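What follows draws every value from the coordinates through simple rules; no lab data is involved. All values derive from a computational prediction rather than experimental measurement. Backbone-built Cβ (ideal geometry, glycine too); neighbour counts: all protein chains shown.
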Amino acid sequence: MERLWLVAALAARCSAELSAIAVESAETLTVKKFRARYVRHQLPVIIRPSLNAPNWTHLDFKRMCGAGPITRYEVQPELNQWGGLGVGVPMELDKMIEELYAKNVRTYYGFGFDLKCGCPPFTEKAELLKVFEEDRYKHSEFGKSNWPELIVGSRDSFTALHVDKGMMPFWLKLIEGEKDFRVVPLPEWRGKLDGADDAGAPFVGGPFPSLKAPFDAFDDALVERRWIQERNASVYAGTMEAGDWMYIPVGAFHGAKNNLRTPSVSMSGNYWDKTHRRQILENFCEPMVAERGGSPLRARTMGARGLGIPGEAAHTTSGFICLDVAGVVADPTE
């Protein structure tokens, strides 16, 4: 069965069109299948429960948890900054939601609302999918500040293609709304769509990948012509419904677009488990230390005897995360 699935997945990569993001049942997708099909091959997947408990709406969050802080961004892809977002404006969640209605804006996106601290009535009842339960990132002293976070977007808002900090994989649950995704997995963009000396390549590669210039990843005809036909890269597309979960693999460029007239509400978190360890070390940590410190990552490259004391090689949150992934910092799950 796994062999048949892999043949179908590889056949989709040969098409000159966008590849569909696979949709799996939350009830039948085992941890073993999830890791074999998606983590190992670095592919995105939408995981759909057959029965969804009633979801909160943006009005519920406004009423129950509106005093919590969120950072509101305006979508400005022409600036070519991370995610196509402008300067962040801190405000309370209820104020942002009021702005969405008062101004009838279509370009606002809110990030960084800490659900565990800002909305206990929601998190006390929220459950994590079984395929993400071995998450070690949430235990990190260096990366757990806003885990998980609430994301709120106005209708028609979107994020430009980007890669998460430290090339970390992540999960996202769509609580309210409908969301389109475009995903370019790391094996598809590396060597095909990146290159500082390649004038036609849209991405800057390395451990901190980014777009060279603004590009509309939701212009399917343009993507199919320039990236799929001309450069033989696979680009994945899919639509999330309320209640769906999404997995984005290590180092994947991704962007999301909100479709419905009401605000889109999601919860999300970066995560990693033992099956991601090698991918993160080889694709981010080793190249990052080589670029910034000139030496390969070893047990104590970025710390003093495993105490999490940063060295000159990487005085960054990403460097701290690499300490965790490399096993230098004690793992409370073991």
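Numbers for the structure displayed
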quantity	calculated
Calculated P(r) tail over 26 Å for the range 95-227, as whole % of Cα pairs	39 percent
Kirkwood-Stokes translational diffusion coefficient of the range 50-170, alpha-carbon pairs, 37 °C, 0.692 mPa s, µm²/s	208 µm²/s
Taking PHE208, PHE111 and counting other C-beta atoms within 10 Å, the order from fewest to most	PHE208, PHE111
Ascending count of other beta-carbon atoms within 10 Å, so fewest first, for THR159, THR30	THR30, THR159
Cα-only Debye scattering, the range 196-288: base-10 log of I(q)/I(0) at q = 0.15, 0.19 Å⁻¹	-0.83, -1.19
Which of THR123, VAL89, ALA217, positive extreme of dipole for the range 11-272 (C-beta unit charges)	THR123
Order of ILE47, ILE248 - criterion: other Cβ atoms within 10 Å of each residue's Cβ, fewest first	ILE47, ILE248
